[in-house]
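One structure is given here, and the rest of the page talks about it.
The values are calculated or read from the model by the stated rules, or taken from the named source; none is laboratory data. Just so it is clear, the model here is predicted, and its values are computed rather than measured. Cβ: placed from backbone, ideal geometry, glycine included. Neighbour counts: every protein chain shown. Accessible surface areas use protein heavy atoms only, side chains included; no ligands, DNA or RNA. Shrake-Rupley method; radii C 1.70, N 1.55, O 1.52, S 1.80 Å.
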Amino acid sequence: GEDKEGVFGSAGFVGWYNCLPEERDLNPDLSTETAVVIGAGNVALDVARLLAKTGDEVRVTDMSHYAQDAIEESPLKDIYIYARRGPMQAAFTHKEIKEFGDLENAVTLVDADVLPLDDVDLVDKGRGSQQKNIDLMRGYTGNTGDEKPVRVHINFFAKPVEVLGDAAVTGLRMEKTVLQDDGSCVGTGEFFEVPCNLVVACIGTHGEPMAG
């Protein structure tokens, strides 16, 4: 069901708000209260954070004016980020996750139960560390969701298996996952549904060679 109206890949969606001419007419409908972003990299966090911003916050950026207008007028209240693996495997850097604490109108929520215990060894990732990522996410676990009008939910161990709806997306069917000893991730057979009208999949892109 990924071809339904309201489902976008990150390349097109990011190109839309970054003024790429070929994505000028993408025109995603942001007139919804719930959006889902799939992925655990910097692009996923960029998209989710952008959707959570106020008009004043996006007006100071150099993104396209039509995207600024759409975000300012959007009634979004809940933005869900879903990663199929856990916080220890997240590909985003600590700078990206840190900026979720600075949003003017949105509060970030993380379930403390999915984070590793304090005595778990964390490894260096090069452009930061697992330790910094986990420490920052621990800082969000005390939030209740009542602090600000918009909520960003960062979730782990779940993967999409079906886009629900007829012509347009009305929700996602998700499957809970578990990590194997070899680092692979498999479904558990336990499913749940997330009502939403906007889905952005930030799970990587494939490049195409230019002639010559």
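Computed from phi, the 3J(HN,Hα) profile of region 95-105 under the Karplus parametrisation 6.51, -1.76, 1.60 (θ = phi - 60°) reads 4, 5, 6, 5, 5, 5, x, 10, 6, 5, 10 Hz, with x in place of Gly and Pro. Treating cross-link reach as a plain straight distance, find the aspartates and glutamates whose alpha-carbon is under 14 Å from the alpha-carbon of LYS4, omitting any fewer than eight places away in the same chain. Correct list for LYS4: ASP29, GLU162, ASP166. Among the listed options (i) 49, 43, 35; (ii) 70, 42, 26; (iii) 54, 42, 25, the one matching Cα extents along the principal axes in Å as calculated from these coordinates is (i). Working note: 222 nm ellipticity from helices only, DSSP H runs with n ≥ 4, each -39,500 (n - 2.57), summed and divided by the residues of the chain, gives -5500 deg cm²/dmol to the nearest 500. Listed by chain and number, the lysines placed with their C-alpha closer than 16 angstrom to that of LYS159 are LYS176; residues fewer than eight positions away on the same chain are left out.
Where a ≥ b ≥ c are the square roots of the eigenvalues of the C-alpha gyration tensor, would you call region 172-212 rounded, which needs a/c under 1.5, or, failing that, prolate if a/b is larger than b/c, or oblate? Before the final figure, lay out each step's value.
On the way: a/c = 5.01, a/b = 1.47, b/c = 3.42.
Cα axes put region 172-212 in the oblate bin.
For a straight C-alpha distance cut-off of 13 angstrom, the aspartates and glutamates reachable from LYS95 (same-chain residues fewer than eight places away being disregarded) are ASP46, ASP135.
Note that region 30-47 has calculated 3J(HN,Hα) couplings of 9, 7, 9, 8, 9, 10, 10, 10, 9, x, 9, x, 5, 5, 4, 5, 4, 5 Hz, one per residue in order, obtained from phi through the Karplus relation 6.51 cos²θ - 1.76 cosθ + 1.60 (θ = phi - 60°); glycine and proline are x.
For region 89-212, the solvent-accessible area of protein heavy atoms averages 59 Å² per residue (probe radius 1.4 Å; ligands and nucleic acids excluded). Summing Lys and Arg as +1 and Asp and Glu as -1 over all other residues whose Cβ lies under 14 Å from the Cβ of GLY55 gives a net charge of -4. The H on the amide N of THR108, modeled in the peptide plane, is under 5 Å from the matching H of VAL152, each at least 5 residues off or on a different chain.
Carbon-plus-sulfur accessible fraction, the chain (probe radius 1.4 Å, protein heavy atoms only): 47%. Multiplying the residue separation of ASP111 and GLU162 by 0.36 nm and subtracting their alpha-carbon distance yields 15.9 nm.
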